[in-house]
Amino acid sequence: MAINTPKQTSHLKREILVRLIRSFLSDNFEEKTRMIPYDMRPKGHEVPYRCCIYKERAILRDRAIAGLGFSIEETEESELLSNLAAKALERKEPDEHPLTVLTTACKGCVPSRIYVTDLCQGCVARPCVNTCKFGAISVQNGKSVIDPEKCKNCGMCAQVCPYQAIQKIIVPCENACPVGAINKGDDGYAQIDFDKCISCGKCVSACPFGAVHEKSQIIDVLKSIKEGKKVIAMVAPAMFGQLPCSPAQLKEAILKLGFADVYEVAQGADTTTRTEAAEFVERLEEGAEFMTTSCCAGYNELVEKHIPEMKPFRSDTKTPMYYTAEIVKKEQPDAVTVFFSPCVAKRREALQNPNVDYVLNYEEVGAWFIALGIQVAECGESAFKVEASAESRNYCVTGGVAAAVQTMLPEEIPAHPVVIDGLTKQNIRDLKKYAKNGLCDLGNLIEVMACQGGCLGGNGTVNAYKPALKQVSSYVSASESIKPSEKVEK
Amino acid sequence: MSEKISVKVCLGTTCFVMGSANLQELIETVPAKYGDKVEVSGVPCLGLCSIDWEFSKAPYVKVNDDVIKEATVEKVLKAIDEKLAAK
């Protein structure tokens, strides 16, 4: 699948967010929230997607619940949206798991299986019958038939059919998940196993019914600002490719939302770059064959939950978010910090870091601009107090982290980067192999990005990939290089 | 030779977030497909989203004087084809 393909489901999610923000800012948050499904599907409105207007409203209600930051699984069906809005205001901290599945929206897709279509010619060669290791295929009445009792869903028959008459029917969320954490439950609806889930967000992007939602923290952030707290935005590098404006205009636009200050997370990435380069040199001198990066939250959770044997090879350097939040809390201890994230995984990382209070993705920030009618392209310019380096501003592009580390290395210890551009079942097997053997035959610096394209391909982004990359690249080329004169000493 | 068809893709913040980010490809693909018969550009906010709750119908694209709501690449190309056929 291409990165960031346009989706009607995104349109719905963003519309709900705008309406929630406007409800919050109105004089009657609870009642306005209760009305969202009815405002979006009033009496007599066309029914664009589902069986009837009542089903559409029920799903919109659930989308609003996720927007309020609650888990659909744990919410009573009889609970009024207005009550939930009131409860959202009382919440002290975000939920432990950032994702929730809307059973109402989940289609309950047909189970993943191998299917012989009408294109089967009942040929003489019968490669399907001969290839099947489980004896699951026989020819009956001139067509191949699969015995579901024996079939193991391996898909070999589909690969060898000369007519491409055998198809693997997939469940998009199951197929997208690289770690087998989302599956159809006994009731036929998708369920997330949070012991396995690495919060990569691939199911959020993959579901064509928009049934997997992030639990938004937008109400918590709005509330903090309304209470007059000093709320500070920490903007990850990918954000600078998201909206049609300059970085300085973006800062001004964020200040207009009510934030007290805006920090570039690339500032913290400068520390990551220096520390990781020094660590790389040290590790190789001590005889290590390779090291992996450690800035992608999805990858870090993968290592914790699925490849613990990789821990000794993963850099101990902290993420750009970590260092940035540390800087902010040191400079302004009374600040409430909000990380502007391209993905779900950073929500998990933030929960484990006391210096990061909330996380918003770019859909949520975009919806906020819409709700307030802020035209980013017409905003004035507000410069960042600390200018980050070009290399660190490029962290959000696949290969960018490894390239930044490489800049700082002494000539005697060159890095041979290997880039994992988006986690898949296959490259997770490769990573396990490298960890087991203590060796990666392709190189010695493995950069892992859970999302294809890097952070710019994150599930919470709004811009299409190519224009986002162009925008980030022009920002990077206009920035000063990190000082290679400060290279790591051997 | 009649006048060129004008295509304006709204790149105001609302339209951009609601989907015109994905319409930017038109700015490259339309000239390649139609040559100088069609003029396409990304424009600042057309002001269509600010009326009432019309943000929910964003993104907007204008093909000559016709406004396309909830625009997609397919809808815009269809509108261009219709205009060309009417000439």
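The values are calculated or read from the model by the stated rules, or taken from the named source; none is laboratory data. This structure is a prediction, so every number in the text was calculated from the model and none was measured. Glycine gets a Cβ as well: all are built from the backbone with ideal geometry, and neighbour counts include every protein chain shown.
Would you confirm whether any residue within segment A:60-76 is more than 25 Å from A:Gly373 (Cα to Cα) and in a helix (DSSP H, G or I)?
yes
Inspect all residues belonging to segment A:444-459 and state whether any of them is touching a Gly at 6+ places or on another chain (Cβ under 9 Å), closer than 14 Å to A:Thr293 by Cα and of a type in the set (Gly, Ala, Ser).
yes
Out of the strands (runs of 3 or more DSSP E) lying entirely within chain B, which hold 1 or more residues that are within 11 Å of chain A (Cβ to nearest Cβ), surrounded by fewer than 19 Cβ atoms within 10 Å (Cβ to Cβ) and among the aliphatic types (A, V, I, L, M)?
Per the criteria, B:38-43.
Taking only segment A:208-219 into account, find how many residues are more than 17 Å from the chain's Cα centre (by Cα) and surrounded by fewer than 21 Cβ atoms within 10 Å (Cβ to Cβ).
1
Just name the residue that is surrounded by the fewest Cβ atoms within 10 Å (Cβ to Cβ) out of those in segment A:296-346 that are among the basic types (Lys, Arg) and under 15 Å from A:Ile446 (Cα atoms).
The residue in question is A:Lys311.
Need the failing condition index for A:Thr407 against (1) at pLDDT 95 or above; (2) surrounded by 15 or more Cβ atoms within 10 Å (Cβ to Cβ), just the number.
(1)
Please work out which residue is surrounded by the fewest Cβ atoms within 10 Å (Cβ to Cβ), limiting yourself to segment A:181-207 and to residues that are of a type outside the set (D, E, K, R) and more than 21 Å from A:Ile65 (Cβ to Cβ).
A:Gly188
Considering only segment A:368-415, state which residues are touching a residue at least 60 places away in the same chain (Cβ under 8 Å) and among the β-branched types (Val, Ile, Thr).
Answer for segment A:368-415, where residues must be touching a residue at least 60 places away in the same chain (Cβ under 8 Å) and among the β-branched types (Val, Ile, Thr): A:Ile370, A:Ile374, A:Val376, A:Val386, A:Val397, A:Val401, A:Val405, A:Thr407, A:Ile413.
Looking at segment A:92-105, can you tell me whether even one residue there is β-branched (Val, Ile, Thr) and closer than 30 Å to A:Asn353 by Cα?
For segment A:92-105, residues β-branched (Val, Ile, Thr) and closer than 30 Å to A:Asn353 by Cα: present.
Of all helices (runs of 4 or more DSSP H) completely enclosed by segment A:258-335, which ones contain at least 3 residues that are closer than 27 Å to A:Ala181 by Cα and charged (D, E, K, R)?
Per the criteria, A:297-305.
If you check A:Thr275 against the conditions, is it buried (at least 23 other Cβ atoms within 10 Å of the Cβ) and away from chain B (no Cβ under 14 Å)?
Judged against the criteria, A:Thr275 is not a match.
Can you confirm whether segment A:100-118 contains a residue that is part of a strand (DSSP E or B), in contact with a Gly (Cβ under 9 Å, 6 or more places away or on another chain) and without any contact (Cβ under 8 Å) to a residue 40 or more places away in the chain?
No, segment A:100-118 has no match at all.
Identify the residue in segment A:364-399 that is more than 14 Å from chain B (Cβ to nearest Cβ) and aromatic (Phe, Trp, Tyr) and, among all such residues, is farthest from A:Cys451 (Cα to Cα).
A:Phe384
Give segment A:132-164 a look and list any residue that's exposed (fewer than 12 other Cβ atoms within 10 Å of the Cβ) and of a type in the set (Ser, Thr, Tyr), or say none.
A:Tyr163, the sole residue that qualifies.
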